[in-house]
Amino acid sequence: MAQVDKFQYDNDIVRKFLIASVVFGIIGMIVGLWVALQLIWPDLNFGIPFTTFGRIRPLHTNAVIFAFVGNGIFMGVYYSLPRLLKTPMWSKALSNFHFWGWQAIILAAAVTLPLGITSAHEYAELEWPIDLAIAVVWIAFGLNMFMTILKRREQHLYVAIWFYIATWVTVTMLHVGNNIEVPVSLWKSYPVAAGVQDALIQWWYGHNAVAFFLTTPYLGLMYYFMPKAANRPVYSYRLSIIHFWALIFIYIWAGPHHLLYTSLPDWAQSLGTVFSVMLIAPSWGGMLNGLLTLRGAWDRVRQDPVLKFLVVAITAYGMATFEGPMLSVKSVNAISHYTDWTIGHVHVGALGWNGFLTFGIMYWLIPRMYRTKLYSTQLANTHFWIGTLGILFYAIPMYWSGWTQALMWKQFTPDGYLKYANFLETVTQLRWFYIARALGGLMFLSGVFIMAYNLIKTARAGSFLAHEDAEAPPLAAHVTHKGEYWHKWIERRPVPFLLVSLVAVVIGGIIEIFPMALIKSNVPKIESVAPYTPLELEGRDIYIREGCMGCHSQMVRPFRSETERYGEYSKSGEYIYDRPFLWGSKRTGPDLHREGRGNKNSKSDAWHYNHMVVPQTMSPGSIMPAYPWLAKNELNTSRTADKIKVLKMLGTPYPQGYEQIAVQDLQKQAAQIAESMRKDGVQDDKLEQREIVALVAYLQRLGTDIIPKARAESK
């Protein structure tokens, strides 16, 4: 009689991640709704520094990406991986360390981001101590996963596991590569790369964080849970092979499409465009493989809410992965970039693909782990329809809003003047789109509450099976069968599989990033560009703390509409001392790169003061929140010398020993700006000590380096 091993699957860790995903999903979406409402009624921050749009928007994005989706990924992996390998997870202690460590990281983000502690890198805003914690927890997860694979009882690795492996190895590479920074203090650091180089590395990370955190692990979950829910095999094994290898190789090259028409060299932009367009093929191969798995089972889709969620999720994935490459074509990107079109595109993927796939898996898992039927199919169907309508009410207004922005920004009169020269004319046209978007978000969130109620009632009606009994024969020796498909060889060898996956994703990163790092001519130096003064540096850090880059870009693109509106287009050499880069990805307000003194649209120091304290007094109809605390808070200069010292170490050419007199120079420049404000009626005896003076100094510096007169006036 053949030997059979008996063991147990750990459903408890699956339940923990499921509960965390639901809880943090609700919290993250509530914050998202709050963020959306602030674009309609900016006073909804209630005058509190910690709740302004700039501070809580990254809280929303981190909560839904890493807390809701992240916990959803781990929920699915911890359920599917042991069953595919016919073995329990290698270490229960590591599983629990992973769970509690990940939740601690999420809570750290929830505290630090509203406090304004941020690195300013999109989707990577957390500061260096939390980055280190993420690395430790992620490595623990990887160790547990690979040791489980090595002690498996199943020879071949199923397709879902390929995607799990690629996810882990690529996210590790991206996280390390994008977070090479030098600490100034416990909660402040500067990246090693600057300007254009920092932008390329960030979007190499940012785009591929979407690829390898929001896409590849979910494709793995699709390949496991779709066949399970449909009770049918995957449509095509060979298509899954092509889908996997083509996707992970091509995806990593596509990051530069976020930087089209910027100061990034043309060769890098073109590379990003070419590979982005190529992505349509493997992406749609995966979508078709998922949908065609349902062949012969479409009648069940009408009745089974789980399949409804999965079908719409995969369809949303197909829509987003068609639209993404199209937005990477330069002629389309010239219209879409910096507009709400991108917001609509992102949320089709986030709400449809990630959200609906997660919901479908949860509806499938809970009845099985609690050994009962779903409490209410009708409520699940209600969730499906209200969620689907929520996606439509969210995405369609954002597309319409984006097209409105692009057309108004670019429209000229017959006489050759900008028809809507005042940026606010566009802002005031968008209010009803933002109201509709908020309604869509509210509908989607309402569906999540319905799901939470349904799952709780299901759990209460059943009995939780924490440890599920299973049995399987031990792993047989590797045997190669004659005529066996070539891919079977690597499927039996997880370590070579990992290494080949690593090579596939490393190639693109090396070819994109190394030339920018090693060939100085890619970022030509402009002799007139000088480092920030200590006061401007402190003002820049305040700008980052308040999240101003979330609404304002600092990149004038070489379009007539932009040079007419803002001034001279931006040059790569102007950013060589920018750590981090602040080009932004959305224009809720106007571009600020030519905001400085002496430029086309420059304003007085007092104008900036009043605009920050009560924006509507200077810009009637503005949806910018007020920042009165900047006029009250005393500027903290205790770390100024340390900042100068770190920046000198990174290559910023401050004079020898300058850190020792930096605060004196700061005070001298602050006194000059304060005096200028007082002449224009600003009353405050301690004005030179306020944070707002530093912020004004930074704003008045922007874009002045290549304009000699403006640079002289800003000194």
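Quick check on ILE241: is it of a type in the set (A, V, I, L, M) and under 23 Å from the mean Cα position of the chain (by Cα)?
No, not satisfied.
Residues checked against (1) farther than 23 Å from ALA297 by Cα; (2) modelled with pLDDT under 90:
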{"residue": "ASN208", "(1), (2)": "yes, yes"}
{"residue": "TYR223", "(1), (2)": "no, no"}
{"residue": "ILE241", "(1), (2)": "yes, no"}
{"residue": "GLY255", "(1), (2)": "yes, yes"}
{"residue": "LEU259", "(1), (2)": "yes, no"}
{"residue": "SER263", "(1), (2)": "yes, no"}
{"residue": "ASP266", "(1), (2)": "yes, no"}
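Give the range 220-242 a look and list any residue that's part of a helix (DSSP H, G or I) and touching a Leu at 6+ places or on another chain (Cβ under 8 Å), or say none.
LEU221, MET222, TYR224, PHE225, MET226, ALA229, ALA230, LEU239
Here are some residues: THR428, THR358. Which one is of a type in the set (S, T, N, Q), touching a Gly at 6+ places or on another chain (Cβ under 7 Å), modelled with pLDDT under 95 and in a helix (DSSP H, G or I)?
Checking each option against the conditions leaves just THR428.
Does ARG579 meet the test of being touching a Pro at 6+ places or on another chain (Cβ under 7 Å), under 22 Å from TYR658 (Cβ atoms), surrounded by 19 or more Cβ atoms within 10 Å (Cβ to Cβ) and of a type in the set (D, E, K, R)? Talk me through it step by step, then tell me what you get.
Values: touching a Pro at 6+ places or on another chain (Cβ under 7 Å): yes; under 22 Å from TYR658 (Cβ atoms): yes; surrounded by 19 or more Cβ atoms within 10 Å (Cβ to Cβ): yes; of a type in the set (D, E, K, R): yes.
Yes.
Residues checked against (1) aliphatic (A, V, I, L, M); (2) touching a His at 6+ places or on another chain (Cβ under 7 Å); (3) at pLDDT below 95:
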residue: ASN522; (1), (2), (3): no, no, yes
residue: GLU527; (1), (2), (3): no, no, yes
residue: ARG545; (1), (2), (3): no, no, no
residue: MET555; (1), (2), (3): yes, yes, no
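Out of all the residues in the range 236-260, which are crowded, with 18+ Cβ neighbours inside 10 Å and farther than 17 Å from PRO217 by Cα?
TRP253, ALA254, GLY255, PRO256, HIS257, HIS258, LEU259, LEU260
Being surrounded by 19 or more Cβ atoms within 10 Å (Cβ to Cβ), within 18 Å of LEU439 (Cβ to Cβ) and among the β-branched types (Val, Ile, Thr) is the filter here, so list the residues in the range 19-41 that pass it.
Answer for the range 19-41, where residues must be surrounded by 19 or more Cβ atoms within 10 Å (Cβ to Cβ), within 18 Å of LEU439 (Cβ to Cβ) and among the β-branched types (Val, Ile, Thr): VAL31, VAL35.
With the requirement that a residue be part of a helix (DSSP H, G or I), of a type outside the set (Lys, Arg) and surrounded by fewer than 20 Cβ atoms within 10 Å (Cβ to Cβ), what does the range 643-668 give you?
Within the range 643-668, MET649, TYR658, GLU659, GLN660, VAL663, GLN664, ASP665, GLN667 qualify.
In the range 261-278, what count of residues is obtained for those that are hydroxyl-bearing (Ser, Thr, Tyr), surrounded by fewer than 24 Cβ atoms within 10 Å (Cβ to Cβ) and not in a loop (DSSP other than H, G, I, E, B)?
Total satisfying the criteria: 2.
What are the residues in the range 18-53 that are part of a helix (DSSP H, G or I) and of a type outside the set (A, V, I, L, M, F, W, C), if any?
Those that are part of a helix (DSSP H, G or I) and of a type outside the set (A, V, I, L, M, F, W, C): SER21, GLY25, GLY28, GLY32, GLN38, PRO42, ASP43, ASN45, PRO49, THR51.
Say whether the condition of being closer than 30 Å to LEU279 by Cα and in the same structural domain as VAL210 (by TED's automatic domain parsing) is met by at least one residue in the range 366-384. It would help to see each step written out before you state the result.
In the first step, residues of the range 366-384 are kept if they are closer than 30 Å to LEU279 by Cα; the result is 384.
From the residues that got through so far, the ones that are in the same structural domain as VAL210 (by TED's automatic domain parsing) too are 384.
Checked the range 366-384: at least one residue is closer than 30 Å to LEU279 by Cα and in the same structural domain as VAL210 (by TED's automatic domain parsing).
Take ILE56 and tell me if it is in contact (Cβ under 8 Å) with a residue 40 or more places away in the chain, surrounded by fewer than 22 Cβ atoms within 10 Å (Cβ to Cβ) and either closer than 22 Å to GLY447 by Cα or touching a helix residue (DSSP H, G or I) at 6+ places or on another chain (Cβ under 9 Å) (or both).
No, not satisfied.
Going by the conditions given, is PHE322 in contact with a helix residue (DSSP H, G or I) (Cβ under 9 Å, 6 or more places away or on another chain), closer than 28 Å to GLU491 by Cα, in a helix (DSSP H, G or I) and touching a residue at least 12 places away in the same chain (Cβ under 8 Å)?
Considered against the rule, which asks whether it is in contact with a helix residue (DSSP H, G or I) (Cβ under 9 Å, 6 or more places away or on another chain), closer than 28 Å to GLU491 by Cα, in a helix (DSSP H, G or I) and touching a residue at least 12 places away in the same chain (Cβ under 8 Å), PHE322 comes out as no.
Working carefully through the options GLY285, GLY296, find the one that is over 30 Å from LEU582 (Cβ atoms), modelled with pLDDT under 95, in the same structural domain as ILE241 (by TED's automatic domain parsing) and touching a Lys or Arg at 6+ places or on another chain (Cβ under 9 Å). Step through it out loud before you land on a result.
On the way: GLY285 fails: touching a Lys or Arg at 6+ places or on another chain (Cβ under 9 Å).
Just one listed residue meets the conditions, GLY296.
Report, ordered by the first and then the second residue, all pairs with beta carbons closer than 7 Å, sequence separation of six or more or different chains, a first member in the range 401-415 that is surrounded by 15 or more Cβ atoms within 10 Å (Cβ to Cβ), and a second member that is among the hydroxyl-bearing types (Ser, Thr, Tyr) and not in a helix (DSSP H, G or I).
Correct list of pairs: GLY402/THR339; GLN405/THR339; ALA406/THR339; MET408/TYR420.
Checking TYR532 against (1) over 30 Å from ALA694 (Cβ atoms); (2) aromatic (Phe, Trp, Tyr); (3) not in a helix (DSSP H, G or I), which single condition isn't satisfied?
Of (1) over 30 Å from ALA694 (Cβ atoms); (2) aromatic (Phe, Trp, Tyr); (3) not in a helix (DSSP H, G or I), only one is false for TYR532: (1).
Identify, from the list LEU150, LEU132, LEU200, LEU186, the residue that is of a type outside the set (Val, Ile, Thr) and free of Cβ contacts under 8 Å to residues at least 12 places away in the same chain.
On the way: LEU150 fails: free of Cβ contacts under 8 Å to residues at least 12 places away in the same chain; LEU200 fails: free of Cβ contacts under 8 Å to residues at least 12 places away in the same chain; LEU186 fails: free of Cβ contacts under 8 Å to residues at least 12 places away in the same chain.
Selected residue: LEU132, the only one of LEU150, LEU132, LEU200, LEU186 that is of a type outside the set (Val, Ile, Thr) and free of Cβ contacts under 8 Å to residues at least 12 places away in the same chain.
For VAL306, are the conditions met, namely being under 30 Å from TRP385 (Cα atoms) and surrounded by 17 or more Cβ atoms within 10 Å (Cβ to Cβ)?
yes
Here's the yes/no breakdown for (1) part of a helix (DSSP H, G or I); (2) in the same structural domain as LYS643 (by TED's automatic domain parsing); (3) buried (at least 24 other Cβ atoms within 10 Å of the Cβ):
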{"residue": "GLU675", "(1), (2), (3)": "yes, yes, no"}
{"residue": "ASP685", "(1), (2), (3)": "no, yes, no"}
{"residue": "VAL693", "(1), (2), (3)": "yes, yes, yes"}
{"residue": "VAL696", "(1), (2), (3)": "yes, yes, yes"}
{"residue": "GLY703", "(1), (2), (3)": "no, yes, yes"}
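Per-residue answers, yes or no, for (1) of a type in the set (A, V, I, L, M, F, W, C); (2) within 22 Å of GLN616 (Cα to Cα); (3) modelled with pLDDT under 95:
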{"position": "LYS410", "(1), (2), (3)": "no, no, no"}
{"position": "ASP415", "(1), (2), (3)": "no, no, yes"}
{"position": "ALA421", "(1), (2), (3)": "yes, yes, yes"}
{"position": "PHE433", "(1), (2), (3)": "yes, yes, no"}
{"position": "ARG437", "(1), (2), (3)": "no, no, no"}
{"position": "MET451", "(1), (2), (3)": "yes, no, no"}
{"position": "ASN454", "(1), (2), (3)": "no, no, no"}
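Considering only the range 608-640, state which residues are assigned to a helix (DSSP H, G or I) and either crowded, with 16+ Cβ neighbours inside 10 Å or assigned by TED's automatic domain parsing to the domain that holds PRO42 (or both).
First pass over the range 608-640, keeping only residues assigned to a helix (DSSP H, G or I): 608-613, 615-618, 628-631, 640.
HIS608, TYR609, ASN610, HIS611, MET612, VAL613, PRO615, MET618, TRP629, LEU630, ALA631, THR640, listed by residue number.
How many of the residues making up the range 225-239 are modelled with pLDDT of 95 or more and either assigned by TED's automatic domain parsing to the domain that holds SER570 or of a type in the set (Gly, Ala, Ser) (or both)?
Residues that pass the stated criteria total 0.
The values are calculated or read from the model by the stated rules, or taken from the named source; none is laboratory data. All values derive from a computational prediction rather than experimental measurement. Cβ: placed from backbone, ideal geometry, glycine included. Neighbour counts: every protein chain shown.
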